[in-house]
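**Q** Take this structure first; my questions come after.
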Amino acid sequence: MQDRAAKTRRQLIRSAAEVFDRCGFAGSSVGQICSLAQVSQGALHFHFRSKQALGEAVRSAAAEILMCVTGQVPAWHPAPLQLLVDTSHALAQRVAGDLVLRAGFGLAHDPGWEGGASPWQHWREWVRGVLHLARRQGSLAAGVDLDDAVSAITAVMAGVEGLERDPARARPAQSVTPFWRLVLPQLAAEAVRGRIDATGGRPDGPGGPGASGGPGASGGALRPGGEPPGARRRPDGRPLPHSCAPMTDAELCGVPYRELSGSAS
């Protein structure tokens, strides 16, 4: 019975994310969500008090997915700017393929939505933390304004998220590489500039930085199967506690969706 209830919650969260992504929060109805999830309105209200509560659950699920992609800002990393590049590529790929994550980001700038902390806040803070780390370790070019850098990196990810809603889009996630090619010469210190792969080094791909043992050897964009950037590993190569297994619609970091904000007790 508990498994059935958990499955219903997952269906409702996924369906709400799809409807919010397509119609916006104000333009979505409980009826649309229930129809897509193939559950009754009574079942929805058993788990979620209102559409607002279901929106909070989507936002919370998106925040957990984002945390799984980024992890915590490390205390030390052999190539913090490569980590930043790799993670931006991984996030762009997840935004392109994960409706829950995309809907969570979308709610943040939806005029009909009034909710809690935005996933964008976590992304901005994570980017700022990695840039601070790069500065402490001497990887950041002198004179870089952190506020400007954080705003620019957030803006390109917001652009990717917005373009994913355009039916005429041409794989907007691919815009991340040109962005880094333009920005890295100004962002990176000269000593590390030539060692950063703007394409988000893929250690499993031919010619990727992992093949030569460069600074991206422990990092990379999503591996086959959806593994997040391998750069988030300890120096001995072991994965950090937040490393995620491949995710499916029914799973989040290898476990079912938690009892999220707004769920019935």
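The values are calculated or read from the model by the stated rules, or taken from the named source; none is laboratory data. Remember, predicted model here, so these are calculated numbers, not experimental data. With ideal geometry, Cβ positions are generated from the backbone for all residues, glycine too; neighbour counts draw on all protein chains shown. Ligands, DNA and RNA are excluded from the accessible area calculation, which covers all protein heavy atoms including side chains. Shrake-Rupley method; radii C 1.70, N 1.55, O 1.52, S 1.80 Å.
**Q** Of Gly138, Gly97, which residue is open to solvent by 40 Å² or more (accessible area, probe 1.4 Å) and at positive phi?
**A** One residue alone meets the criteria, Gly138.
**Q** Within segment 20-54, can you find the residues that are in a helix (DSSP H, G or I) and basic (Lys, Arg)?
**A** Arg22, Lys51 - these are the residues of segment 20-54 that are in a helix (DSSP H, G or I) and basic (Lys, Arg).
**Q** Could you please tell me which pairs satisfy a Cβ distance under 9 Å, a separation of 6+ or placement on different chains, a first residue in segment 35-57 that is loosely packed, with under 15 Cβ neighbours inside 10 Å, and a second residue that is polar (S, T, N, Q) and part of a helix (DSSP H, G or I)?
**A** Cβ pairs passing all conditions: Ser35/Ser15; Gln38/Gln11; Gln38/Ser15.
**Q** Take Ser28 and tell me if it is crowded, with 19+ Cβ neighbours inside 10 Å and at pLDDT 95 or above.
**A** Against the criterion (crowded, with 19+ Cβ neighbours inside 10 Å and at pLDDT 95 or above), Ser28 qualifies.
**Q** Hey, can you tell me all the residues within segment 58-76 that are open to solvent by 20 Å² or more (accessible area, probe 1.4 Å) and without any contact (Cβ under 8 Å) to a residue 60 or more places away in the chain?
**A** Ala63, Ala75
**Q** Taking the options Val127, Val85, Val100, name whichever one is assigned to a helix (DSSP H, G or I) and under 14 Å from Arg14 (Cα atoms).
**A** Testing whether each residue is assigned to a helix (DSSP H, G or I) and under 14 Å from Arg14 (Cα atoms) leaves just Val100.
**Q** Looking at this structure, is Phe25 under 16 Å from Leu107 (Cα atoms), touching a residue at least 60 places away in the same chain (Cβ under 8 Å) and of a type in the set (Phe, Trp, Tyr)?
**A** Yes: the conditions hold for Phe25.
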